[in-house]
Structure formats: C-alpha cells, structure tokens
Amino acid sequence: MAVASGLCTEFPAPGLRNPIRYITGHNSQGDSVFLQTDHGDHRDIMLGGIGAQNIFYSSGSNPIDVNGNVDLEFAKQKPSLHIPNGCVVRMIDFTPGGASDLHRALCLGIGTVCEGEVELTLGSGEKRILRPGDVSINRGAMHKWRNVSNEKPARMLFTMLDVEPIMVNGKTLEFEMGELMNEYAEYAEGEGPNKK
C-alpha cells in the first residue's frame, strides 16, 4: 500500500463531488418512474484512508429479478468483493498518490475512470494510464491501481461479475487479495476465496 497525502475520512474523497444514484422502476399504474434518488449505500474508507468506496448496486443472481423490487431489498446488504452468480457496482475514490498493492480478484472487473488519471500495472510489469472514459476489463489478472496525481483525487466505477474458475497453464487461479480482502464483506462458506 502506497502512502498518500490528504487521506480519506469518508466517501467521497476530498475534492470530489458526492455522486447521485437514480434508481428507476414502475409505479402501480405501470408508468416508468424514479423509485429512489440518493447517494448510494455502504460507504467505507479503504486501506486506512488511501481510498473510499461506495456501493451503488448489487444483486444475488443473474439474470436479475427486479419484480417486486426484490433486487433492491438484496442491495441493502453490504456485499463481498463480488457476488457469486450476481453483480456489484462499486465506486472507488483514490487519494492523491494513493495506490493499492498487487492483487487478484477471481471475477470480471469492469473499471471505468470517472475523474483523474489512474495507472493500471499488471503482474507482468506492463502498465497503462487510464483517463476519464477509459475502461479496463480485468479477467482475473494480477494488478494494482495508482492515482498518478499527487495533487488531485481520482475516481473509478467498477462492475464486478462472477466468472467460471480461471485456468492458466493447467492451474486454477486463486484469490490473491492480501489486505484488500479486509475492505469487503466476508464471503459465505464455500464462496469466493472460501470455495474448495
């Protein structure tokens, strides 16, 4: 974990706006309406203030059952990093100069830069700088993130989807999250890194 200046004490990170979540659905007449307008759920600081996260949505299944708003009831629970057979939509703010350690999540992580510039480094040492609107599709690769600015915060929006076991050179990959795993709700027995 890299040291950053101006640590987060809450979400959003200092200098970033508080994003609004708009959830749509249908009223009793069948009209399309906004059901909920708020700032998301499950806000937490991460890695001692290096970052902060906010969960905008999660589901426990795919396809997602939106009937009777059962998905919205499920989303009230704090999710694990990803949800087996479901999805998690998580926004992460990075403090100036903030960085994660190298880690691997066994899921499909779709990350879009919303603010700032973020360096994505892979386990091979390859690096790319992502700018607002750029998208990373991480398919179980070892990686780490770093806000390249030492003056401004950065923000990314991640959608985490479950995957089949990932095989590389005949070996099944395993979770390698290190201390980052402590930033998420625990997986149930037999799920995520507890899967045997």
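The values are calculated or read from the model by the stated rules, or taken from the named source; none is laboratory data. This is a predicted model, so every value here is computed, not measured. Cβ sites come from the backbone with ideal geometry, for glycine too, and all protein chains shown count toward neighbours. Just the protein is used for accessible areas: all its heavy atoms, side chains included, with ligands, DNA and RNA removed. Shrake-Rupley method; radii C 1.70, N 1.55, O 1.52, S 1.80 Å.
Among the criteria (1) touching a Ser or Thr at 6+ places or on another chain (Cβ under 6 Å); (2) under 28 Å from residue 165 (Cβ atoms); (3) open to solvent by less than 30 Å² (accessible area, probe 1.4 Å); (4) modelled with pLDDT of 95 or more, the one residue 59 does not fulfil is (1).
Number of residues in segment 7-64 that are among the hydroxyl-bearing types (Ser, Thr, Tyr), over 22 Å from residue 93 (Cα atoms) and assigned to a loop (DSSP other than H, G, I, E, B): the value is 2.
Does residue 39 meet the test of being without any contact (Cβ under 8 Å) to a residue 12 or more places away in the chain, over 30 Å from residue 166 (Cβ atoms) and out of contact with any Leu (no Cβ under 8 Å at 6 or more places or on another chain)? Judged against the criteria, residue 39 is not a match. Among the residues of segment 22-32, is any open to solvent by less than 70 Å² (accessible area, probe 1.4 Å), within 21 Å of residue 155 (Cβ to Cβ) and touching a Pro at 6+ places or on another chain (Cβ under 7 Å)? No, segment 22-32 has no match at all. In segment 161-196, what residues are open to solvent by 90 Å² or more (accessible area, probe 1.4 Å), over 28 Å from residue 63 (Cβ atoms) and either in a strand (DSSP E or B) or touching a Gly at 6+ places or on another chain (Cβ under 6 Å) (or both)? Correct list: 171 only.
Please tell me if residue 125 is free of Cβ contacts under 8 Å to residues at least 12 places away in the same chain and surrounded by fewer than 17 Cβ atoms within 10 Å (Cβ to Cβ). Considered against the rule, which asks whether it is free of Cβ contacts under 8 Å to residues at least 12 places away in the same chain and surrounded by fewer than 17 Cβ atoms within 10 Å (Cβ to Cβ), residue 125 comes out as yes. Taking segment 109-140, which residues are within 15 Å of the chain's Cα centre (by Cα) and farther than 20 Å from residue 91 by Cβ? Scanning segment 109-140 gives 139, 140. The residue that is nearest to residue 83 (Cα to Cα), counting only those in segment 128-160 that are open to solvent by 40 Å² or more (accessible area, probe 1.4 Å) and basic (Lys, Arg), is 139. When segment 5-21 is filtered for residues that are loosely packed, with under 14 Cβ neighbours inside 10 Å and over 17 Å from the mean Cα position of the chain (by Cα), the ones remaining, listed by number, are 5, 9, 17.
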